[in-house]
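Comments concern the structure below.
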Amino acid sequence: MGIFWLKISEIKTQIRSNRASQQPKKMESRGQETEFRIPKIGIYTGKGASHSWLWFVEIFERLGFYNLCFLTEFDLVSDSLEKVDVLAVSGGDTFAIAEALGPQGARQLKTFITRGGLYLGSCAGAYLPLNSSKEHLNHFNFVPAKITNLTKTLPEAHGMREKFCTCYGCSFIFHAVREAVEVTTSGLPPFGESATFTAPLYGGPPMTVTNPASVMATYTAFTDKTLFLVDRKLAENTLLGNAAVIREKMGHGHLHLYGPHFEHPHFSKANLFLADAMMWDMPHQTAQTANPEDGMNILSGSEKQRFIRDFKRELSNSRIVAAGLEMLPLKWTIGSKVYETGKIRVFLEALWQRIRSFEKERLILVRADQNDLLVQTALHVTKSIRQIKKGWDQKADTLKTATLLFNLLNKTSALFLEIYFRSKLFHTDSAEVGARCIVPLLRRPGQFGKIEYEGSYGQIKKMVA
Amino acid sequence: MGIQIDALKCIACMACELACGYHRDDAFALLSSCIVPYRGREKKNYVGVILKEEDSLVAARPEGVEINRIGEEQDPEKEADASAKPMLLRESCDLCDDVDEGPLCITFCPTGAISMA
Amino acid sequence: MEYLASDKIAIVDLNTGDITEDELDEDLVLDKIGGAGITKHLYDQHAADNPIVLGTGLLTGTLVPGSSLGIMTAKSPSTGKVSHVPLNLDAGIELKYSGFDYIVIKGSADKPVYLWIHDGILDINDAGDLWGKDTWAATDHIRDEMGDDLIQVLSIGQAGEKASDLAQIGINYWQSADRSGFGKLCGEKNLKLIAIRGMGLLEISEPEAFVEDCAELIAAIRSNNTTQKQGIAAVSTALGEEDLGDWLAPLTHRHMACFNTPVATNTFIFTDEDPALLEETTVTEPGFLLTDIFPLVALKKAGLSAKDAGLVLKACAKYGIDGAAVAELSAKSGLTSPEEIEKTFPDLKGPVESAGKSVFSPWAAVGQGINADWERQQAVAYILGLHPIWYQMATELTEEKLLDLAGLGTEMEFTRETLDEVIGDILA
């Protein structure tokens, strides 16, 4: 209990002196000594993003990569990318993302990559920078790869009609399969050996490239979990042998484009591959980041408890309604994406599972009135979910409320996670975290050696090739 | 081979839900269970059992069993439309393949409302 | 307390609106085990503030057959004795998973309030909109406002609001086992209702051994044909009470069990719909769930039809008045029509025959009546969290077995001596 009587300034001094005493690790990598550090990763949560960005959060947290920030389209259009090493864009509505970023966002993104930044695009995020003449997408055109699931004549759908295709101007993008598919890594530098594992596909692109060295992984087979949305032969022709993951250099930086969701938390081998690739290609120049506590209000004691209780109250209220909605056959098409009621719980559970550890932090760091804003946003989430339940009971249309709700869920989640990771970073000994992810840079190029990650949720353990 | 449910024998005791939840979480909890007695119509006393299988959603109603393929749209007026992927976050039934005695829901159902087909 | 618990006790002061939380000390559990053992202890600690203590048994919410019980402990305003009311149906399990092990409610609010207990959060909310509503309307209102049909609601009706000695705290739309006038106590505290919903998780110390034992128990129970008796009429007969079978059969729709209780001790009758209907009825209130044997027996003996008995008990549940007391007193007055009986509610007064004879609710004194053996059985049920009627039928659930299970679940050792001591404290 005595810790609560330490002055905040004393705690800050203590943490700073810990950091100062830790020299950056010097490791052998690519035959040279290089400094090693935790990447600053920006995760896109703005317009067009669905829920799968939460998967990036999950795997980065397991790896101990707590230096995360959550960026909307407004952040990308401004200068926020100057402060990150990596930008991760996961699934959602590619057209909505492209429209939201616009030409200014595309320019910022190009500058970020050419200066040395790493772009990780998964599913919708993979489509975004591919060459295209279509409106909004035509501001990007960073990667000269083609997709193999583009057609003028829509094939026959064998299931999930609402998720089977997306309009693409006068053509269609169709999705041949969903769920787990088998991929094989290419074994080309920088990754020495080939490996085969599974990853889930939910509408991401199969690609062809002119330069075979760009291919990091190929679709090689289907699994017994694969759900066919078209004739099997067509699915084989569309996917097998084509690129699942490509790596493209642009200026000093790189783009990694993933068709399947290598960031899905249930696919640990795919997670490790993504993390490895990221650590290899992330910029080695430090993106200048401030200490997490700079400019922040620090909440402690009863103020901290009140904030967490108020937030937890609304999260619980929302979660209770969401658990009931989960059983209902409600779904909404928002933009070009279909949202089910279960997706509401995806957001809420991602926050709920972190509440307990959040409660245990000694101090919480918030910017300005972020704590009040978080509680208010969570309250709006509760109101919206309850409105949907009422709408269902009264057989009323709930699309407008659902659109608002998913927007609010993105906002609430990003805001909570920003506070959560900032506070976590503040409390974490950077040397300890650094030690956990040190191993991939010990490998020499062309050699996969033994890799160990110890994440805080313990699900990423070992990968031995 | 799969789970069969006779909703007329069900007394809505939720033993199956708790047993399945234990199978998922190694603790007593209800959120992860793939078999759920439906209790939402308390004043009308309308009770059924919902089971999430790999490809389908089984709704065992008193008037009969309905099986819908997950991901395929049924009658938009009907409830439990599997194209909406109800129970999205729950795993599908694995028949407790790692339990020697077989499905725990069958073990703990007191009335024999659940059995193996 | 690491296992089979949420490790949280809440102390609610309705005078000030303050809520404090404590951990559930393992030493307390070793000493008092759980359920009524601990609710009684907490009552004694806060007795000066006339508390209501909510709790659950040590084994409530587990796979032990019949582990459905919640407990409400308070001083009965009608008898003056510290009494324990069992909370069955799904109320006990919801309380167990609500994030709190025990809740002490002290003092009185100066205007109507309700408690909303959810996932380790306890809110005191304004009940201005609810005061004056019957229990059905109050339950509907809360479920509608909170957006969930599975919220368990312990509420008082007009009987409790008007401080009737016969006021009962009900469970959702149904009669509870409250024969102690806790409805009046809640009314005096301006506490309209307690709404509970929880999605918690209980860790088990030795999960495989615990669940294996539970599986053996349920297998033994099934092989002994105990589960052949389903429904309130069958239970009544099995325990040596009046045969209600033929009387209820024409209206019987379905038998409903309390949580994880192998024998359904409740029966839903349709008074305004064809009971043979399998599809969901379009009638909003087609009937009533019968949860209490004694008023049924009394009303049957008074010559009422099963339908009229159902209508009387439904009216009792809505008004929040003890149906057993109503049945007993109406029989004495010779009233037989539901409408006439309902008119007596506002002015109905005791004495009622079984009042104050035990600290445990006579709702479960089916067949054998209240005696020392019955009281010990009830004590064990209330401490460990077992359905008090089911426990009388389940010869497989020996005290030794239950103490073993308590140990497997919690990594603690509970002896017969401790159990005897706790029972002694409760009955003192």
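Worth pointing out:
Conditions tested, residue by residue: (1) more than 9 Å from the chain's Cα centre (by Cα); (2) within 25 Å of C:T139 (Cα to Cα).
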site: B:D6; (1), (2): yes, no
site: B:C20; (1), (2): yes, no
site: B:P37; (1), (2): no, yes
site: B:K44; (1), (2): yes, yes
site: B:V58; (1), (2): no, no
site: B:R61; (1), (2): yes, no
site: B:V65; (1), (2): yes, no
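- Search result, residues across region A:316-344 that are in a helix (DSSP H, G or I), over 13 Å from A:I388 (Cβ atoms) and among the polar types (S, T, N, Q): A:S316, A:N317
- Being in contact (Cβ under 8 Å) with a residue 12 or more places away in the chain and surrounded by fewer than 24 Cβ atoms within 10 Å (Cβ to Cβ) is true of A:S80.
- Filtered residue count, region C:296-338, keeping only those that are outside any helix (DSSP H, G or I) and in contact (Cβ under 8 Å) with a residue 60 or more places away in the chain: 3
- Here A:H136 meets each of (1) buried (at least 21 other Cβ atoms within 10 Å of the Cβ); (2) at pLDDT below 95; (3) of a type outside the set (G, A, S) with one exception, condition (1).
- Of the numbered criteria (1) more than 22 Å from A:S90 (Cβ to Cβ); (2) of a type in the set (D, E, K, R); (3) assigned to a helix (DSSP H, G or I); (4) more than 14 Å from chain B (Cβ to nearest Cβ), the one A:R354 fails is (1).
- Residue list for region C:384-428, restricted to those being in a loop (DSSP other than H, G, I, E, B), of a type outside the set (A, V, I, L, M, F, W, C) and buried (at least 16 other Cβ atoms within 10 Å of the Cβ): C:G385, C:H387, C:E396
- Inside region C:173-184, residues that are crowded, with 24+ Cβ neighbours inside 10 Å and hydroxyl-bearing (S, T, Y) make up a count of 2.
- Matching residues in region C:340-359 - criterion: being assigned to a helix (DSSP H, G or I) and under 20 Å from C:D373 (Cα atoms): none
- A:L188 vs. criteria more than 14 Å from every other protein chain (Cβ to nearest Cβ), at pLDDT below 95, in contact with a strand residue (DSSP E or B) (Cβ under 7 Å, 6 or more places away or on another chain) and under 20 Å from A:L240 (Cβ atoms): no
- Residues being without any contact (Cβ under 8 Å) to a residue 40 or more places away in the chain and more than 14 Å from chain A (Cβ to nearest Cβ) - total across region C:81-130: 3
- Applying the criterion of at least 1 residues that are among the acidic types (D, E), in contact with a strand residue (DSSP E or B) (Cβ under 9 Å, 6 or more places away or on another chain) and buried (at least 24 other Cβ atoms within 10 Å of the Cβ) to the helices (runs of 4 or more DSSP H) found wholly in region C:1-100 leaves C:91-96.
- Selected residue (criterion: surrounded by the most Cβ atoms within 10 Å (Cβ to Cβ)) from residues of region B:1-54 that are more than 7 Å from chain C (Cβ to nearest Cβ) and polar (S, T, N, Q): B:S33
- Filter result for C:Q152 (at negative phi, surrounded by 24 or more Cβ atoms within 10 Å (Cβ to Cβ) and in contact with a Cys (Cβ under 8 Å, 6 or more places away or on another chain)): no
- Elements of type strands (runs of 3 or more DSSP E) contained in region A:170-285, each with 3 or more residues being touching a residue at least 24 places away in the same chain (Cβ under 8 Å), touching a Leu at 6+ places or on another chain (Cβ under 8 Å) and surrounded by fewer than 21 Cβ atoms within 10 Å (Cβ to Cβ): A:215-222
- Of the helices (runs of 4 or more DSSP H) lying entirely inside region A:366-465, the ones with 3 or more residues being within 21 Å of the chain's Cα centre (by Cα) and modelled with pLDDT of 90 or more are found at A:399-427.
- Options B:D98, B:D75: the member that is assigned to a loop (DSSP other than H, G, I, E, B) and modelled with pLDDT of 90 or more: B:D98
- B:I11 vs. criteria of a type outside the set (K, R) and in a loop (DSSP other than H, G, I, E, B): yes
- Conditions (1) surrounded by fewer than 24 Cβ atoms within 10 Å (Cβ to Cβ); (2) facing another protein chain (nearest Cβ under 9 Å); number of the one not met by C:F268: (1)
- Qualifying residue in region A:333-341 (condition: of a type in the set (D, E, K, R) and within 13 Å of chain B (Cβ to nearest Cβ)): yes
- Verdict on C:G187 being surrounded by 24 or more Cβ atoms within 10 Å (Cβ to Cβ), away from chain A (no Cβ under 14 Å) and free of Cβ contacts under 8 Å to residues at least 40 places away in the same chain: yes
- Just one residue in the set C:G170, C:G147 is crowded, with 24+ Cβ neighbours inside 10 Å and either at positive phi or within 14 Å of chain A (Cβ to nearest Cβ) (or both); that residue is C:G147.
- Qualifying residue in region C:226-246 (condition: within 10 Å of chain B (Cβ to nearest Cβ) and surrounded by fewer than 17 Cβ atoms within 10 Å (Cβ to Cβ)): yes
The values are calculated or read from the model by the stated rules, or taken from the named source; none is laboratory data. What you are looking at is a predicted structure, and each value in this text was computed from that prediction instead of being measured. Here the Cβ is made from the backbone with ideal geometry for all residues, glycine too, and neighbour counts use every protein chain on show.
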